[in-house]
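Student: Got a structure here, written out as structure tokens. Questions coming.
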Amino acid sequence: MNLDLSGEDLAFQAEVRAFLAVSLTPELRRAGERLTSVFCEPRYSLPWQRILHAKGWAAPSWPKEHGGPGWNDVQRAIFAAECARASAPSLAPMGLKMVGPVLMGYGTPEQKAHYLPRILSGEDYWCQGYSEPGSGSDLASLQLQALSDGDHYVLSGSKIWTTHAQFANRMFCLVRTSREGKPQQGITFLLLDMATPGITVKPIITLAGEHEVNQVFFDNVRVPKANRVGPENQGWTVAKYLLEFERGGGSAPGLGVGLDRVAGVARAAHADDRAHRRRMAEAEIAVTAIDMSERRVLSELASGKAPGPASSMLKVNGTEAMQRIDEIGIAALGPYAHVEQSAAREPGSNIPAVGPEQGLTAMPRYLNNRAASIYGGSNEIQRDIIARLVLGL
Ligand SMILES: Cc1cc2nc3c(=O)[nH]c(=O)nc-3n(C[C@H](O)[C@H](O)[C@H](O)COP(=O)(O)OP(=O)(O)OC[C@H]3O[C@@H](n4cnc5c(N)ncnc54)[C@H](O)[C@@H]3O)c2cc1C
């Protein structure tokens, strides 16, 4: 594992920095700085995606033939780190990091030709319909019924915790097409248009007072069979492929930015006492360990290995470090960390509008990031995967 950047890598880093300095408008940078969740609203993320797309940099991990920039793993890591340091708004992962790679792996030529360019440009905004009331960790028990009717499936049931369903014009989802055999064997992967008659999106407001997740109801929704990805009843294989990417690493640069932010808060609040410095040192050690592990996975990826169960380990460590950093920030702010400050927001936005920067963002960030150890497969489930597949228990 070589941690030193080559001359070529340093030149690339300088190119990325120069691009970010020119292209990241103050408004976009502010949106990135004040983001209190992993998901940035599309009114900020989409303009940024369009700027990146024009440069050919919207999808760093896509192969060149589908519109990726053709970077190697080190360049991708440099790009992610520079974007985090510059507070660039995060791009929605549902299209670029989830359904895009799935279509490359399992889509028909027609599906690839239609959807991939629209994902890249941001013309389609996707949401992920996996979880249901009663089917989260035990996802294979999902019940959203898809009955065959000629060239269509007819969907009845509901999905829950669907991030940004209120903005999305497309959903990729898992439906039940058979009740024979093991539950995993009767699941099919479908793409659908959110404007199809019979779909209703109802908001779920989080503890931080934000509208990020939803419950989506399906009442006899007709979906063409041409929108199926992979064979009928083999959606579980497709879904598992996607989850490996959902859990993938790359969190160290963002965690480093979080540490700097918390250090600044503590200095400003005169709370950088001995106990605080000890907690900071522990968190810094954890982030350094994550950085090393992510670099190791990167070098394995470069030699053609899939992320595999290592992505579970990175997910557990990354989300726990994130929550630890939030807790240090809250402790440093003391009485200024108050959830009611989140009321001072731009309407309909998860980006606070006014007030002392840290007080406004620390508590909503802390509350939202509690969810990080739940979504994408809870940390208990990740530990179970590590126990079985890594430790052989
Ligand atoms: C903010 C947020 C955004 C989300 N976005 C989406 C989205 O866009 N699309 C989507 O499909 N889903 C989404 N989810 C859903 C997410 O994937 C589920 O919440 C998650 O899989 C856990 O499922 P559950 O909520 O049903 O909890 P449960 O599965 O009921 O789990 C409850 C608790 O029991 C533990 N537990 C369960 N089974 C075991 C076991 N076998 N061993 C040990 N412990 C266990 C869990 O770890 C957890 O602590 C989102 C969730 C959140 C919080």
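The values are calculated or read from the model by the stated rules, or taken from the named source; none is laboratory data. Quick caveat, the model's predicted, so the values are computed rather than measured. Cβ placement follows ideal geometry from the backbone for every residue including glycine, while neighbour counts extend to all protein chains displayed. We work out accessible area using only protein heavy atoms, side chains counted, and drop any ligands, DNA or RNA first. Shrake-Rupley method; radii C 1.70, N 1.55, O 1.52, S 1.80 Å.
Student: Do you know which of the residues in the range 84-119 that are under 27 Å from Gly256 (Cβ atoms) and of a type in the set (Lys, Arg) is nearest to the ligand (Cβ to nearest atom)?
Tutor: Among residues in the range 84-119 that are under 27 Å from Gly256 (Cβ atoms) and of a type in the set (Lys, Arg), the one nearest to the ligand (Cβ to nearest atom) is Lys97.
Student: Which is open to solvent by less than 30 Å² (accessible area, probe 1.4 Å) and either away from the ligand (no atom under 13 Å from the Cβ) or under 30 Å from Glu110 (Cα atoms) (or both), of Ala252, Ala195?
Tutor: Going through Ala252, Ala195 in turn, the sole match is Ala252.
Yes/no matrix, rows are residues, columns are (1) more than 15 Å from the ligand (Cβ to nearest atom); (2) at pLDDT below 95:
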{"residue": "Ser121", "(1), (2)": "yes, no"}
{"residue": "Trp126", "(1), (2)": "no, no"}
{"residue": "Gly134", "(1), (2)": "no, yes"}
{"residue": "Ser158", "(1), (2)": "no, no"}
{"residue": "Val175", "(1), (2)": "no, no"}
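Student: Assess whether Ala239 counts as being within 30 Å of Leu191 (Cβ to Cβ), modelled with pLDDT of 85 or more, out of contact with any Gly (no Cβ under 8 Å at 6 or more places or on another chain) and crowded, with 21+ Cβ neighbours inside 10 Å.
Tutor: Considered against the rule, which asks whether it is within 30 Å of Leu191 (Cβ to Cβ), modelled with pLDDT of 85 or more, out of contact with any Gly (no Cβ under 8 Å at 6 or more places or on another chain) and crowded, with 21+ Cβ neighbours inside 10 Å, Ala239 comes out as yes.
Student: Quick one: how many residues across the range 35-49 are assigned to a helix (DSSP H, G or I) and open to solvent by less than 40 Å² (accessible area, probe 1.4 Å)?
Tutor: 6
Student: Now for a separate question. So, in the range 269-298, how many residues would count as being touching a residue at least 60 places away in the same chain (Cβ under 8 Å), part of a helix (DSSP H, G or I) and open to solvent by less than 40 Å² (accessible area, probe 1.4 Å)?
Tutor: Result for the range 269-298: 1.
Student: Restricting to the range 141-150, what's the tally of residues that are loosely packed, with under 15 Cβ neighbours inside 10 Å and among the hydrophobic types (A, V, I, L, M, F, W, C)?
Tutor: Of the residues in that region, 1 qualify.
Student: Determine which single condition Thr162 fails, assuming it passes every other condition in (1) open to solvent by 10 Å² or more (accessible area, probe 1.4 Å); (2) outside any strand (DSSP E or B); (3) within 13 Å of the ligand (Cβ to nearest atom).
Tutor: So Thr162 meets the others, but not (1).
Student: Could you give me the residue pairs with C-beta distances under 8 Å whose first residue belongs to the range 114-127 and is part of a loop (DSSP other than H, G, I, E, B), whose second residue is open to solvent by 20 Å² or more (accessible area, probe 1.4 Å) and within 16 Å of the ligand (Cβ to nearest atom) wherever it lies, and which are 6+ apart or on separate chains?
Tutor: Listed by first residue and then by second, the contacts come to Asp124/Asn169; Asp124/Arg170; Tyr125/Phe167; Tyr125/Asn169; Tyr125/Arg170.
Student: State whether one or more residues within the range 203-218 are surrounded by fewer than 22 Cβ atoms within 10 Å (Cβ to Cβ) and assigned to a helix (DSSP H, G or I).
Tutor: no
Student: Right, next: Looking at the range 202-223, which of the residues that are aliphatic (A, V, I, L, M) and closer than 26 Å to Tyr153 by Cα is nearest to the ligand (Cβ to nearest atom)?
Tutor: Among those that are aliphatic (A, V, I, L, M) and closer than 26 Å to Tyr153 by Cα, it is Val213.
Student: Continuing with this model, one more query. Output the residues belonging to the range 56-108 that are small (Gly, Ala, Ser) and in contact with a strand residue (DSSP E or B) (Cβ under 7 Å, 6 or more places away or on another chain).
Tutor: Selection gives Gly95, Gly107.
Student: Let me ask you something else. Quick one: Leu52 ticks every box in (1) in contact with a Ser or Thr (Cβ under 9 Å, 6 or more places away or on another chain); (2) in a helix (DSSP H, G or I); (3) open to solvent by 10 Å² or more (accessible area, probe 1.4 Å) except a single one, so which number is it?
Tutor: Of (1) in contact with a Ser or Thr (Cβ under 9 Å, 6 or more places away or on another chain); (2) in a helix (DSSP H, G or I); (3) open to solvent by 10 Å² or more (accessible area, probe 1.4 Å), only one is false for Leu52: (3).
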